[in-house]
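Taking it in order: structure first as structure tokens, then the write-up.
The values are calculated or read from the model by the stated rules, or taken from the named source; none is laboratory data. Worth saying up front: this structure is predicted, and the values here are computed from it rather than measured. Methodologically, a virtual Cβ is constructed for each residue, glycine included, from the backbone with ideal geometry; neighbour enumeration extends over all protein chains shown. SASA here: full protein model, heavy atoms, side chains in, ligands and nucleic acids out. Shrake-Rupley method; radii C 1.70, N 1.55, O 1.52, S 1.80 Å.
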Amino acid sequence: MRGYAVIDVETTGLRPSWHDRVVEIGVVHLSPNGDMTAEWTTLVNPERDLGPQHIHGITSADVRHAPAFSAVAGTLVTLLKDRVPVAHNLRFDWDFLRSEFERLGAFLPYADGVCTMRESAHHLPGPPRTLAGCCEMAGIALGDHHEALSDARAAAGLLRHFLRAGGGPWSADPTLTWPDLPVTEAALARRGVAARRNVHFLGRLVDRLPRAVAKAEADTYLALLDRALLDHRISASEADSLVDLAGRLDLSRADVDRLHNDYLAALARTARADGAVTPEERHELDLVADLLHLPRARVDVLLASTAAPEEVRDRFRLRPGDLVVFTGEMDGGRDYWEERARQASMVPHGNITRKVRLLVAADPDSLSGKARKAREYGIPIVTPESFERILTAGKTGRP
């Protein structure tokens, strides 16, 4: 016997039959006597929104460069084959894996494994159903709950506890037929990879002497920058889009630096156009300078400028009757935010079309179909908090 394969999956929801997908997999190998011999984990790009991110804590910024399930399916077969599958609520994890394999036209067999949730009834006094509760009762450390590898390690600890208490041993069914899938060299992804790769997008541009940028090119880049900064942040997806557009427009790092200075200058002119710069306007100018890697001292220079006012570029504004779409699981629920839109004379809309003015997403890097189409159409994507700020700014007339 090769031993046990303890698994845990994090998912976009509770039912694969409702198109929920796997977003993270953790596997821990144990020997027949319960010694850990290996472990493996990766995030998985579900090619849709991530569902209850407040539970699993996975960000779209991390997942967008993770492998699809098809890229790791062959490796997963080698990790599971001829081992006893183990999980806390095994049916849940196994059903999700079977559903993912079925999407590839492959059949993952029903394996007779060990469910540590059910087995705990035989070895723990009146145990709860939850992994955390069983681990606490058995004296097993549970690290980052709802992280696949951490939960797989905890379930492995429960299995060792049961083996030492006289449970098992369990053996694999040698008659099972496993899918024959190629093992690919997919680049695995872990949580936090986006933060570790968080090099400012300017650092990814070609560094060469500036050139004369045509007005059409400048307007095209600044329009995208305006959409990106609408929610006072630059998401990972927006950073990628800015780098891609700069490349297609043949803009160098120096060209983009100059355009960023022009953009900040336009904001400063807008702020001092009425003769008074409010603390809120100054805060926004400082924030934009930080996001564009410009020194805050530049804001002081621009606000003190006595140069003749130039034409101020129109900034994004919501108007009564504008269509607004919502996606993702938001604090307060989607109904609350749709009602906020109605109160501001906006029209909540179910799907993205070219007439939609704004997409409000729980995660601005969302992988949902709505978010993908919004990026394709050039529709700004903001968080609910930023949407609230835009509505408030609309009442006051301030940016």
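Observations
- In the assembled protein chains, H19 presents an accessible area of approximately 130 Å² (probe radius 1.4 Å).
- Electrostatic tally near D207: other residues with Cβ closer than 12 Å to its Cβ, Lys and Arg +1, Asp and Glu -1, net +1.
- Heavy-atom accessible area for H283, with the other protein chains in place and a 1.4 Å probe, reaches approximately 120 Å².
- Prolate/oblate/rounded label for the range 109-234 (Cα gyration tensor, a/c 1.5): prolate
- In angstrom, the C-alpha Rg and Dmax of the range 78-169 are 13.8, 43.
- Projecting the Cα atoms of I381, Y110, L30 onto the dipole axis of the chain, where Lys and Arg carry +1 and Asp and Glu carry -1 at the beta carbon, places I381 farthest toward the positive end.
- Only lysine pairs 8 or more places apart or on separate chains count here, and in the chain those with Cα atoms under 28 Å apart total 6.
- Per residue accessible area in Å² of the chain, where ligands, DNA and RNA are left out and the probe is 1.4 Å: 48
- Distance between the pseudo-spin-label points of D180 and H283 (7 Å out from Cα toward the beta carbon): 6.5 nm.
- Diffusion coefficient (Stokes-Einstein, Kirkwood radius over C-alpha pairs, 25 °C, 0.890 mPa s) for the chain: 101 µm²/s, rounded to a whole number.
- Compactness of the range 30-112 as Cα Rg over 2.2 N^0.38 Å, two decimals: 1.20
- Taking only protein heavy atoms and a 1.4 Å probe, the accessible area of the range 324-399 is 46% carbon and sulfur.
- When the solvent-accessible area of the range 168-292 is split by element, carbon and sulfur atoms take up 55 percent of it, the probe being 1.4 Å.
- Positive-end extreme of charge dipole, the chain - chosen from A214, L229, V44 (charges on Cβ): A214
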